[in-house]
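Comments concern the structure below.
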Amino acid sequence: MDPGKDSNLATYLTLLRPLNAVMAGVGVFIGGVVAAGGDILELDVFTRVVLAYLAAFFATGAGNALNDIVDAETDRVNHPERPIPSGKLTKEQVKRVVFLGYTLTLILAAVINYLNLGIAILNISLMIGYELSLKKKGLVGNLVVSYLTASVFLFGGVATLENGPIMDMLTSDNTRVTIILALLAFLASAGREIIKDIEDMEGDKDRLTFPMKIGKKRAGFFAGGLIIIAVGLSWAPYYLEILGKVYLALVLVADGTFVYSAAMAIQNPARSQKIAKIAMLVALVAFLAGAIF
């Protein structure tokens, strides 16, 4: 097949994996609503959060395209339908998409405020580092993925702020509540990533994962510990009087689910990581409800 022959819009959209990119944008909106509450409907706040949504969309899409470049050879076997192995796009074309996506991300972040620009620069650096090296580094790779997952909430939260003195922005209620949400998401995601690696120990032949380094049992205890820390952290918004009783009632449900997930980490990792995902969704509902009511 002639490379580039079918280089149309549909092919480029496939390259970006738009569903993943949209979900990153949804995380940004959740962070914005948690941070601003009813103020999210104010035009200037809403506009900045929309720009943050677009920035996250382009960053995620560019990251997916970068993944296609790095994994081009293995995709010839595992995902032959993807744009590069199928011959629909060349590596040079995909590199241009990556450059454009990251450039648009930085421009949009710069328009929003200083904090968003800083987060965007950090995240792009980590995305590139992960694809080129860190994803084969076991625990480090798990932590990078977990941070990138959690950072979309913080990115949306700080987007609700106008530019001003950095310390005022960092210590605002909007930032504090989304930092807590992001930390909770980071810890729960890290625990879940490790549990997934426990589940995949027999099939992981091309990388040395954290459970392979320290053993299934120790890795399970470590993952469960991260999840339990997330449970403890989930009470902070109530004690700090940032979120009220509606939040507390719902987060208790999430906490119970998290604890069950942690208890199953070694015995049944497949079930544990699925339960952890449910607990994370319930926790998001708790944050949203607490911000609105």
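Condition first: charged (D, E, K, R) and modelled with pLDDT under 90. Now tell me which residues in the stretch 238-276 satisfy that. Selection gives 241 alone.
Number of residues in the stretch 152-187 that are touching a Phe, Trp or Tyr at 6+ places or on another chain (Cβ under 7 Å) and either of a type in the set (S, T, N, Q) or closer than 24 Å to residue 140 by Cβ (or both) equals 6.
To keep it simple, each residue is scored yes or no on (1) outside the structural domain of residue 240 (by TED's automatic domain parsing); (2) farther than 30 Å from residue 215 by Cα.
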residue: 132; (1), (2): yes, no
residue: 140; (1), (2): yes, no
residue: 144; (1), (2): yes, no
residue: 147; (1), (2): yes, no
residue: 158; (1), (2): yes, yes
residue: 161; (1), (2): yes, yes
residue: 184; (1), (2): no, no
residue: 191; (1), (2): no, no
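For the stretch 222-242, residues that are surrounded by 14 or more Cβ atoms within 10 Å (Cβ to Cβ) and either among the acidic types (Asp, Glu) or over 23 Å from the mean Cα position of the chain (by Cα) (or both) total 2. If you go through the stretch 100-133 one residue at a time, how many are assigned to a helix (DSSP H, G or I) and either within 15 Å of the chain's Cα centre (by Cα) or closer than 21 Å to residue 144 by Cα (or both)? Result for the stretch 100-133: 23. Being surrounded by 22 or more Cβ atoms within 10 Å (Cβ to Cβ), more than 18 Å from residue 49 (Cα to Cα) and not polar (S, T, N, Q) is a property that holds for residue 66. Has the stretch 199-209 got any residue that is modelled with pLDDT of 90 or more and either under 27 Å from residue 133 (Cα atoms) or assigned to a helix (DSSP H, G or I) (or both)? There is no residue in the stretch 199-209 that is modelled with pLDDT of 90 or more and either under 27 Å from residue 133 (Cα atoms) or assigned to a helix (DSSP H, G or I) (or both). Are any of the residues in the stretch 151-171 among the aliphatic types (A, V, I, L, M) and under 21 Å from residue 281 (Cα atoms)? The answer is yes, given that some residue of the stretch 151-171 is among the aliphatic types (A, V, I, L, M) and under 21 Å from residue 281 (Cα atoms). Scanning the stretch 76-90 for residues that are within 26 Å of the chain's Cα centre (by Cα) and among the β-branched types (Val, Ile, Thr) gives a single hit, 84. Summed over the stretch 224-243, residues that are closer than 13 Å to residue 259 by Cβ and of a type outside the set (A, V, I, L, M, F, W, C) total 4. Checked against the criteria, residue 199 counts as in contact with a Pro (Cβ under 6 Å, 6 or more places away or on another chain) and acidic (Asp, Glu). Pairing residues of the stretch 137-162 that are on the phi > 0 side of the Ramachandran plot with residues that are at pLDDT below 95, at Cβ distances under 7 Å and at least 6 apart in sequence or on separate chains, gives 138/208; 138/209; 138/210; 138/213.
The set of residues in the stretch 252-276 being surrounded by 18 or more Cβ atoms within 10 Å (Cβ to Cβ) and part of a helix (DSSP H, G or I) consists of 254, 255, 257, 258, 261, 262, 269, 272, 273, 275, 276.
Screening the candidates 74, 60 for the property of being modelled with pLDDT of 95 or more and either closer than 22 Å to residue 130 by Cβ or of a type outside the set (Asp, Glu) (or both) yields one hit, 60. When residue 174 is tested against the conditions (1) of a type outside the set (Lys, Arg); (2) at pLDDT below 95; (3) surrounded by fewer than 20 Cβ atoms within 10 Å (Cβ to Cβ), the lone failure is (3). Taking every residue in the stretch 67-80 that is in the same structural domain as residue 127 (by TED's automatic domain parsing) and pairing it with any residue that is charged (D, E, K, R) and assigned to a loop (DSSP other than H, G, I, E, B), at least 6 positions away or on another chain, the pairs with Cβ-Cβ distances below 7 Å are 68/82; 75/82.
The values are calculated or read from the model by the stated rules, or taken from the named source; none is laboratory data. Please read these numbers as outputs of a predicted model, since none were measured by experiment. Reconstructed Cβ throughout: ideal geometry from the backbone, glycine too, with neighbour counts over all protein chains shown.
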